[in-house]
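Let me begin by presenting the structure, written as structure tokens, before commenting on it.
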Amino acid sequence: MDSPVFRRVMVVDDEPNIVSAVRRELSTPPLGCYRYEVEGFSDPAQALARAGGESFDAVVCDYRMPGMSGLEFLKALAVIQPDCARLVLSGHTDMASLTKMVNETHIYRFIPKPWHDYFLKSSVAQAIDFFGALRESRRLAGIVRERGIAVPALLEDAPEEILIVDDDAAVVGSLTRVLSNRSGTDDLYAAIRAEIAHEPGGVLQESKNRISAATSAHEALKLAGTKNFSCILADFKMPDMGGIELLQQFADKQPDCARILVSGHVTPSDLIDAVDAAHIFGFVAKPWQDYELKACVAQALAYRRMILENRILAEMVKKAGGTLT
């Protein structure tokens with residue numbers, strides 16, 4: 001068995017019980033692909049002083065803190081550690097203020113208070129993966145520029161093919177509506193995507209989403225033989241095959257398709273199986289919050305696209321006779 005991969009996470013909140021809750025959640029099953037070394041701070045100034053001498057992979061910071069706001073803290077942290085993935089805890093609903101925070105601090109995701117346990121843990125892991133892929137993308141792009149390699153248009157205009165699998169037609173219809181229509185929070189996530197990746201455009205471009213639906217796992221596997229999908233959302237419990245088994249089999253057919261599990265009832269061991277066996281990108285709880293669902297799907301698509309583009313860039317460097325180091 002491979003040794004666990006450790007990542008360092010900073011938690012900053014003026015309420016010690018919130019710091020403890022985040023620490024506890026990141027250290028309890030299901031653990032996923034990472035093990036976390038967590039340092040907690042109730043004083044943002046102390047956290048910044050620590051960041052000056054110790055590197056962190058991610059920070060989870062409260063939006064509202066006395067003395068120094070989350071906005072001020074993250075702006076200062078970005079100067080010290082620009083590659084630290086940034087996530088914000090917030091019960092605040094002022095979307096204009098939150099959008100301003102996104103634009104000025106390049107955060108990856110908002111985590112609402114109170115949060116769903118697995119949403120917190122998966123968000124931290126996804127943020128670490130995303131920022132790692134972003135660093136690799138910048139590195140490969142730098143090699144391409146230095147060597148004067150011509151770069152064609154990559155994947156910008158490709159539509160996103162999304163497959164929804166659930167034996168409940170009402171759930172399929174609801175998921176389809178959420179992923180096909182813009183809402184009042186979409187400008188916020190557009191800002192997140194644009195600021196993190198320095199690319200124009202929205203987080204989830206609904207006009208580019210082409211959604212297919214299947215009401216059984218076997219129907220979904222048949223569709224996998226006729227169309228390449230960008231993302232699949234599968235219900236955990238279906239009559240003909242469980243969602244985890246479906247996602248495993250789907251990954252064999254289409255390994256580059258982002259996989260998301262959807263369920264109202266899962267155990268920690270189920271989630272461990274989903275992460276370890278099906279390598280899911282994220283988990284969406286029923287009933288879901290629309291903005292959490294859209295953020296999960298949008299960032300799964302963004303991560304997939306970045307990985308594919310990195311693969312293309314790496315192949316271009318090799319064909320030009322260069323090395324990747």
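A short reminder: the numbers here are calculations on the coordinates, not readings from a lab. Computed from a prediction, not measured in an experiment: that's the story for all the values here. Every residue, glycine among them, receives a Cβ derived from its backbone with ideal geometry; neighbour counts consider all protein chains shown.
General remarks:
- Cross-link pairs exceeding 28 Å in C-alpha to C-alpha distance, out of 75/208; 237/294; 121/222; 227/294; 75/318, comprise 75/208; 121/222; 75/318.
- Taking other C-beta atoms within 10 angstrom as a stand-in for reagent exposure, 297, 284 fall in the order 284, 297, fewest first.
- FRET efficiency, 1/(1 + (r/R0)^6) with R0 25 Å, evaluated for residue 289 and residue 43 via beta carbons: 0.20
- Among 232, 107, 143, a tally of other beta-carbon atoms within 10 Å of each Cβ gives an order, fewest to most, of 143, 107, 232.
- FRET efficiency, 1/(1 + (r/R0)^6) with R0 25 Å, evaluated for residue 308 and residue 80 via beta carbons: 0.20
- Modelled spin-label separation between residue 240 and residue 226, with each label point placed 7 Å from Cα along the Cα-to-Cβ direction: 1.3 nm.
- Ranked by how many other Cβ atoms sit within 10 Å of their own Cβ, fewest first, the residues 15, 39 fall in the order 15, 39.
- Coupling constants for the stretch 298-315 follow from the phi torsions by the Karplus curve (6.51 cos²θ - 1.76 cosθ + 1.60, θ = phi - 60°), and in residue order they are 4, 6, 5, 5, 5, 5, 4, 5, 5, 4, 5, 5, 4, 5, 5, 4, 4, 5 Hz; glycine and proline get x.
- Model label sites at residue 8 and residue 216, defined 7 Å from Cα along the beta-carbon direction, differ in position by 5.3 nm.
- FRET efficiency for residue 35 and residue 277, using Cβ-Cβ distance with R0 set to 22 Å, rounded to 0.05: 0.75
- Remark: the residue 24-residue 318 segment gains 101.4 nm on full extension, using 0.36 nm per residue and subtracting the alpha carbon distance.
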